[in-house]
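Nothing in this text is a laboratory measurement; each read-out follows from the coordinates by a stated rule. Keep in mind the model is a prediction, meaning the values are calculated, not measured. Virtual Cβ from ideal backbone geometry, glycine too; neighbours counted across all protein chains shown.
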Amino acid sequence: MTQKIHVVTLMPDAISGFLKWGVVGKAIKHNIFSVDLINPRDFAEDVHRTVDDRPYGGGDGMILMTEPLVKAIDSIGARAGTRVYLSPHGERWNDKLARDFAGNLQSSPLTLICGRYGGIDQRFINAKVDRMVSVGDYVLSGGEIAALAVIDSIARFLPGVLGNEQSQVTDSFADGLLEAPQFTRPPNILGQEVPSILRSGDHRRIDQFREALSMAMSRELRPDLRTNNHDRQWQLSRELLRSVSRDELRVCGLSPQILDEIYGDA
Ligand code: SAH
């Protein structure tokens, strides 16, 4: 059975346009999963097909009315599965949630609900929403970009979507850290040369080097990603990185500060 994601949106074209492309587009073409778009405007009953109205109590922005949204959601019925409203009020989306949702999608569908304007009537949320998800502490003008981020990041964890399943293991966050920097040909450009280990063909050393770089990079850019045995691993990584020249580590994007920490006595 194809894994199914429904998206309730006033801008179905924005979603479908994006989903034609890349690995996600290919996965949809190959029926690994499918996305159904439901437009609440199709369920509005007046001649103008109105879906929004002014907020009670005043204030800026129109609010999506309950009724067209309820009809849209009810048209999906039990096939909706878990109903998620994209909202700044939601749980912050991350790698772990993307994995969990991908796992659940194999047994139960997912419905993403996109707000617009000033948001949606709270009574719809109370009655019809199972969970809320936010893509970050900022406000978008609609849930569509958030829904696309959620769909794209889930799709990467569905079996068969990425050509190379290995990237699920080495990509950033898979092991709680950022991925090591990447290089491709030519070996020398912009006065910077690819570190020789990466061209050595010694895959054991390459893996160790990448792991150590991933530690250093995360320590510098995302200290909040620290894992339990981070400090011990960091000492090991430091030792390994010290065997590489400062120039090579600079090419890897490490800052003077972290290089001092690597080569220093600390
Ligand atoms: N007035 C609301 C924001 C409305 S923005 C507030 O201050 O909380 C319009 C719609 O964009 C929302 O209904 C929601 O679906 C979507 N949206 C905005 N920011 C988002 C975010 N960070 N994550 C997920 N969805 C978001």
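Just a few scattered comments:
- Sequence-separation-based contact order of the chain, relative, with Cα cut under 8 Å and 6+ spacing, percent: 17
- Nonlocal amide H pairs with L37, under 5 Å, H built at 1.01 Å: V7
- Between the beta carbons of Q192 and S141, assuming R0 = 35 Å, the FRET efficiency works out to 0.30 to the nearest 0.05.
- Scaling against 2.2 N^0.38 Å puts the C-alpha radius of gyration of the stretch 155-266 at 1.12.
- Couplings 3J(HN,Hα) of the stretch 32-48, computed from phi: 6, 8, 9, 10, 9, 9, 10, 9, x, 4, 5, 10, 7, 9, 7, 4, 7 Hz, in residue order, whole Hz [Karplus 6.51 cos²θ - 1.76 cosθ + 1.60, θ = phi - 60°; x for Gly and Pro].
- GNM top mover of E144, E220, E179 - the chain, alpha-carbon springs below 10 Å: E220
- Cα centroid of the stretch 247-266 to Cα centroid of the stretch 83-124, whole Å: 41
- Estimated FRET transfer efficiency (Q182, S108; beta-carbon r; R0 41 Å; 0.05): 0.70
- Under the Karplus curve 6.51 cos²θ - 1.76 cosθ + 1.60, θ = phi - 60°, whole-Hz ³J(HN,Hα) for the stretch 14-23, x wherever Gly or Pro sits: 5, 6, 5, x, 6, 6, 7, 9, x, 5
- Gaussian network model of the chain, Cα within-10 Å springs - most flexible of F43, F173, F183: F183
- Rg/Rh for the chain (Cα atoms only, Rh after Kirkwood) is 1.09.
- For Y263 and Q166, a Förster radius of 45 Å and the Cβ-Cβ distance give a FRET efficiency of 0.90, rounded to the nearest 0.05.
- Gain in span if fully extended, D175 to R205, counting 0.36 nm per residue against the direct Cα distance: 8.9 nm
- Listed residues D74, D207, D175, most fluctuating in the chain (Gaussian network, C-alpha, under 10 Å): D207
- Residues whose amide H comes within less than 5 Å of that of L86, counting only those at least five positions distant or on another chain, are I113, G115, V133 (H built at 1.01 Å from N in the peptide plane).
- Calculated mean residue ellipticity at 222 nm for the chain: -11500 deg cm²/dmol, from DSSP H runs with n ≥ 4 weighted as -39500 (n - 2.57), summed, divided by the residue count and rounded to 500.
- Cα shape, the stretch 57-115, gyration tensor, a/c 1.5 rule: oblate
- Interchain or long-range residues, amide H under 5 Å from K4's placed H: S34, L110
- Per-residue 3J(HN,Hα) values for the stretch 160-176, derived from phi via the Karplus relation 6.51 cos²θ - 1.76 cosθ + 1.60 with θ = phi - 60°, read x, 7, 8, x, 10, 4, 4, 5, 5, 8, 9, 4, 3, 6, 4, 9, x Hz in sequence order (x marks Gly and Pro).
- Cα→Cβ-extended label distance, 7 Å offset, between Q235 and D46, nm: 7.1
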